[in-house]
Amino acid sequence: MKAIKDFLTVFIKSHKFCWSDRFSVAVFVIFPIVIIFVLSQALGGAFEGNMDFGEDFTIPITVVCEAGEGETSTLGEFLLGDGLTDFFSTTFVDNIEEAEELMKSEESNLIVTIENENELSLFVPEYSWSNTRLALSVVEQFNQTNQAIQITMGNSDDLLSDLASIEQIMASELTIREYDRGEDAVSALNFFAVTMIIMFMLFSGEYGLQLFKQSLFNETGSRMLTTPVSKTGLIGGLLLGATIASFLQGMVVFLFTKFVYGIDWGNEIWLVVLTLFGIVMFAQAFAIFIFVIVKKANAANVVLQGCLFVMTFVSGGFNGQAFDFAFVRYVPNSLASTVMFGTMFNDEITNRMFSDLGLLFAYSFVLFIIAAVLGRRKLYAGS
Amino acid sequence: MLVTMNQVVKRYGTFTALDNLTFGLTKGETLGLLGPNGAGKSTTIKILTGLTSATSGEITLFGERASGRTRSNASKQRIGLVPQDFALYETLSARDNLEYFGQLYGVHGGELKKRVDETLNILGLSDVATKAPKKFSGGMKRRLNIGCAIIHKPELLILDEPTVGIDPQSRNHILAFVEKTAAEGTTVIYTSHYMEEVERVCSRVCIMDAGKTIADGTVDEIAKKSIFEDEFTVTVNEPSPAIPENIQKIAGIIRCSPIDNSNRTFTIISKRDSGNLARILEVLAPHTIVAVTTKKPNLEDAFLSLTGKALRDDG
């Protein structure tokens, strides 16, 4: 009973401590709200968002082959050539109705319709990094034979500009027709809402770092450690206090983007909230981990902020251009954005969204364990 | 004995911070730990409170044997620690800080509120109870720092240099508070560089140097260990070159010398407790005495005698 009481006391005061620093609250609540708006206005026309939230290995496409089996093999060769099989899984169907069914059930990202021997139609339902690359690959392949191509796509200017920027494709006879998909298109506001909330929530680890430094490692630490409170209760309370305060601040930003900026976060709001919590947990764990492995507290601050900027940068958080390294896929920003973009634009929750969220929590758990082991040594260093 | 430390040794690598330190403290005593930086005062406090462990030796707290860094919750509950630097949450209000530490020491509900109000009142912080310490002066922070250690009414209050860097008014407030707390029966361990503070508030003094106790006793007992004698300063209106010679004829006078060229003011050193003041005044009466000051050996002199160094030189 005493242990629970102590834990709650530390939790409540730590929580209050996080909210009592007005400057930090401004940084973690007001600043992200402003920066999301500013970035989306400033970079709205130029960015290429990385919103690859599909399954890991293949992007499903459907080929409609009304002209007969002969066309299938020709198209198959061209679609399967040049290593495309690594990225795409192709389903061949006989008519457009079947293809649309597949599209509706999310089993296909792209419909390729063979109009005749020399003419190809692409339907790209919405703008995304993978769909853009897919469309470009198909267009490039088809263009080599100077055949005509028709692209039907979601109402995203970004994909149009991407395609238009490749001059050799423009040289071919290209017909582009808009396809209205209502509100589904990704805007810069959506993109920055996701990436900036993730980034600022990662920086909220600063709360954990400050609380640990203040409560365990300086003069206040001397006083805290001489109180009749167990270290488990003390550390648990500090962690939960920092985590809940950061999480609530993240929620304020999230709700602001939803109700004031009008961002549609999809139907699975609980998953977005859970992801926010996962990011905040990771942020606290990572901050404390850095704090215990770096000798000086001020240096730990610099290292922490540096790491978080690098993570945001390589995962494309500032401009949508993620670095092309395998590890980037496992950076916490990428994991969290997979879930958030997925919730925003998928009607269903994919396995990858679950596995990425699971990884995020697993990272936090492992970092907490390491920090606990190393932190104990640091706590009594020199004693 | 409320606290005993017997043959306690603390080593950090090859450096010996405490070298067979031995002292005891009975209930209601106010013990001043006096010594230059590096004497081992803070290490002693850390060992007592379980912030660090002794390399060897025996420690008992409230009759319980304390080993390593482990201290029972019952012992912790009875100790209040005022660290040397501010141990406060700078962005929480003064009231929040007091409540927080009160709760951690198991004070809750109406009792907590009552004690917080009392403590704020005692320390003269009632008017700024809702303000955060980051807006406080050094003196106010020091007082709140003490408040957080006394909110649970500890039996043993440990103050580690509680008046460093504050204004005379706040210092006086703190010293008056310590005197009052001691008078109410709280046992106090008070470390300081300031002799006059220790002389004022402590019933017993333990002088430490290089990890050892070099003197332990009341202020008077320790002062007597000084090699220095009684010192008088006398100013007369009608000076005469014969004054020093006449004074030195008195038995027990060690030295008499003018302090400036006017030959009006003299410093006279006499053997301790020789009762020479009356004789000196008798000799000087024809010269119209206008001022007399006397100085007995104090802790500063004793410290200098015992260690060969001034207390604050090393600090």
Extreme residue, surrounded by the fewest Cβ atoms within 10 Å (Cβ to Cβ), among residues of the range B:231-261 that are part of a helix (DSSP H, G or I) and either on the phi > 0 side of the Ramachandran plot or more than 39 Å from the chain's Cα centre (by Cα) (or both): B:Glu245
Total residues in the range A:233-287, condition among the polar types (S, T, N, Q) and free of Cβ contacts under 8 Å to residues at least 60 places away in the same chain: 1
Residue in the range B:1-53 that is farthest from B:Gly80 (Cα to Cα), counting only those that are basic (Lys, Arg) and more than 10 Å from chain A (Cβ to nearest Cβ): B:Arg11
Test for B:Val116: is it aliphatic (A, V, I, L, M), buried (at least 20 other Cβ atoms within 10 Å of the Cβ), within 14 Å of another protein chain (Cβ to nearest Cβ) and assigned to a helix (DSSP H, G or I): yes
Residue check for B:Leu92: without any contact (Cβ under 8 Å) to a residue 24 or more places away in the chain, closer than 25 Å to B:Met140 by Cα and either of a type in the set (Phe, Trp, Tyr) or within 7 Å of chain A (Cβ to nearest Cβ) (or both): no
Hits in the range B:141-155 - residues which are in a helix (DSSP H, G or I), closer than 24 Å to A:Val10 by Cβ and out of contact with any Ser or Thr (no Cβ under 6 Å at 6 or more places or on another chain): B:Lys141, B:Leu144, B:Asn145, B:Ile146, B:Cys148, B:Ala149, B:Ile150
Condition broken by A:Met353, with the remaining ones in (1) in contact with a Ser or Thr (Cβ under 7 Å, 6 or more places away or on another chain); (2) in a helix (DSSP H, G or I); (3) surrounded by fewer than 24 Cβ atoms within 10 Å (Cβ to Cβ) satisfied: (3)
Selected residue [modelled with pLDDT under 85 and more than 12 Å from chain B (Cβ to nearest Cβ)] from A:Gly221, A:Gly266: A:Gly266
Residue check for A:Val194: in contact with a helix residue (DSSP H, G or I) (Cβ under 8 Å, 6 or more places away or on another chain), within 11 Å of another protein chain (Cβ to nearest Cβ) and in contact (Cβ under 8 Å) with a residue 40 or more places away in the chain: no
Residue in the range B:134-150 that is on the phi < 0 side of the Ramachandran plot, of a type in the set (Val, Ile, Thr), buried (at least 21 other Cβ atoms within 10 Å of the Cβ) and within 14 Å of chain A (Cβ to nearest Cβ) present: yes
Subset of the range A:237-263 that is within 14 Å of chain B (Cβ to nearest Cβ) and either out of contact with any Cys (no Cβ under 7 Å at 6 or more places or on another chain) or outside any helix (DSSP H, G or I) (or both) - its residue that is surrounded by the most Cβ atoms within 10 Å (Cβ to Cβ): A:Leu238
Subset of the range B:54-79 [away from every other protein chain (no Cβ under 14 Å) and either touching a residue at least 40 places away in the same chain (Cβ under 8 Å) or within 20 Å of B:Thr186 (Cα to Cα) (or both)]: B:Ser56, B:Gly57, B:Glu58, B:Ile59, B:Thr60, B:Gly63
Residue under evaluation B:Asn97, criteria (1) assigned to a helix (DSSP H, G or I); (2) free of Cβ contacts under 8 Å to residues at least 12 places away in the same chain; (3) within 11 Å of another protein chain (Cβ to nearest Cβ), criterion not met: (2)
Yes/no for B:Gln103 being within 8 Å of another protein chain (Cβ to nearest Cβ), within 30 Å of B:Ser305 (Cβ to Cβ) and surrounded by fewer than 24 Cβ atoms within 10 Å (Cβ to Cβ): no
Selection count where residues are out of contact with any Ser or Thr (no Cβ under 7 Å at 6 or more places or on another chain) and more than 13 Å from B:Ser93 (Cβ to Cβ), scope the range B:115-140: 10
Residue match in the range A:16-27 (condition: away from chain B (no Cβ under 11 Å), within 29 Å of A:Lys231 (Cβ to Cβ) and crowded, with 16+ Cβ neighbours inside 10 Å): no
Residue in the range A:318-336 that is modelled with pLDDT under 85, small (Gly, Ala, Ser) and in a helix (DSSP H, G or I) present: yes
Tabulated pairs, the range A:15-29, first farther than 16 Å from B:Ser93 by Cβ, second part of a helix (DSSP H, G or I), C-beta under 6 angstrom, 6+ apart or interchain: A:Phe28/A:Phe200; A:Phe28/A:Gln249; A:Val29/A:Gln249; A:Val29/A:Val252
Members of the range A:224-235 found to be over 16 Å from B:His152 (Cα atoms) and either part of a loop (DSSP other than H, G, I, E, B) or more than 10 Å from chain B (Cβ to nearest Cβ) (or both), listed by number: A:Ser230, A:Lys231, A:Thr232, A:Ile235
Looking only at the range B:76-94, and only at residues there that are assigned to a helix (DSSP H, G or I) and in contact with a helix residue (DSSP H, G or I) (Cβ under 9 Å, 6 or more places away or on another chain), the one that is surrounded by the most Cβ atoms within 10 Å (Cβ to Cβ): B:Ala94
Among residues of the range B:156-183, those that are part of a helix (DSSP H, G or I) and buried (at least 16 other Cβ atoms within 10 Å of the Cβ), counted: 9
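The values are calculated or read from the model by the stated rules, or taken from the named source; none is laboratory data. Please read all numbers here as calculations on a predicted model, not as lab measurements. Counting neighbours? That spans all protein chains shown, and the Cβs are built from the backbone with ideal geometry, glycine included.
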